[in-house]
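Only one structure is covered here, and it is reproduced in the block below.
The values are calculated or read from the model by the stated rules, or taken from the named source; none is laboratory data. Not measured: the values here are computed from a predicted model. No Cβ is skipped: glycine too gets one built from the backbone with ideal geometry, and neighbour counts run over all protein chains shown. Just the protein is used for accessible areas: all its heavy atoms, side chains included, with ligands, DNA and RNA removed. Shrake-Rupley method; radii C 1.70, N 1.55, O 1.52, S 1.80 Å.
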Amino acid sequence: RCAQMTHRYYRIDPQVFTRFPGYRRGVVAALDVQNPPAPAGLVTELRAAEEALRARLSLEALLEDPTVAAWREAYRAAGMKPSEFRPSVEALVRRVLRGDALPLISALVDIGTLASIRYMLPIGAHALDEVRGDLSLRLARGDENFEPFGADVLEHPAAGEVIFAEDDTVLTRRWTWRQAKHTLVTAETRTVEFNVDALALVTDAQVHAICEQVAAWVQTYCGGQTRWAVLSAQQPEMEI
């Protein structure tokens, strides 16, 4: 194993599981990857997933989809208006259902996009090359720092907000809503982790299968070594 991946922990605070019973997060970690533009095979899979999504779901029926409805309800339970702060999977699916071909960013980012629209789950990638501290999904105190991607401002989360953080540096605000610059995946990324977020309506077997598929896509299109685990109330911590 690369030294950079030793003695760091990834934890989900028990309060998260208390507030959202049945929630699990799959974590797919990959070392020594390459991140080229999406190869033809990956682009083909992504476009096929877009077409399959449009064939089975319309924009008018989006809010009736069980997964989207469950995430909107979870956001409401977390104190967020889902019409104002849309869960990432809903925002992505809306773009597809409007007829947009999703932009190609890079192989690793596009794998996350493909997985998210195929499985209708929030699935996102974080580069770990510059991460030195422990990672946690937890409730914010309110004094943590967040520097959003695409803006030169420093924000602080609201107290009690669900955040993904490296120590006191916020990597994602509002659970799955907006990512920071700090772990942005670039062409130079060599170490990465994918978060696979699942609510109670998704079975354990499905979460495991999705993590296996994400790991397989990474190995096929980006190389490297992969491993994964599913964090839950029964297993809230892993070493990465």
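Quick notes on this one:
- Considering residues of the range 128-154 that are out of contact with any Gly (no Cβ under 8 Å at 6 or more places or on another chain), open to solvent by 10 Å² or more (accessible area, probe 1.4 Å) and assigned to a strand (DSSP E or B) only, the residue farthest from Y221 (Cα to Cα): N145
- Some residue of the range 114-128 being more than 15 Å from V214 (Cα to Cα) and in contact (Cβ under 8 Å) with a residue 40 or more places away in the chain: yes
- For the residues P82, P21, P39, the requirement of being open to solvent by 60 Å² or more (accessible area, probe 1.4 Å) and at negative phi singles out P21.
- Helices (runs of 4 or more DSSP H) contained entirely in the range 1-79, each with at least 1 residues that are more than 22 Å from V218 (Cβ to Cβ), without any contact (Cβ under 8 Å) to a residue 40 or more places away in the chain and among the small types (G, A, S): 40-56, 66-77
- Filter pass, E51 being at negative phi, modelled with pLDDT under 95 and among the acidic types (D, E): no
- The range 210-234 residues that are free of Cβ contacts under 8 Å to residues at least 60 places away in the same chain, paired with ones that are open to solvent by 60 Å² or more (accessible area, probe 1.4 Å) (beta carbon under 8 Å, 6 or more apart): E212/W228
- Taking strands (runs of 3 or more DSSP E) as the structural unit, those lying wholly within the range 155-201 and holding at least 2 residues that are in contact (Cβ under 8 Å) with a residue 60 or more places away in the chain correspond to 192-198.
- Top-ranked residue in the range 89-112 [being buried (at least 23 other Cβ atoms within 10 Å of the Cβ) and touching a strand residue (DSSP E or B) at 6+ places or on another chain (Cβ under 9 Å); ranked as farthest from P39 (Cα to Cα)]: G112
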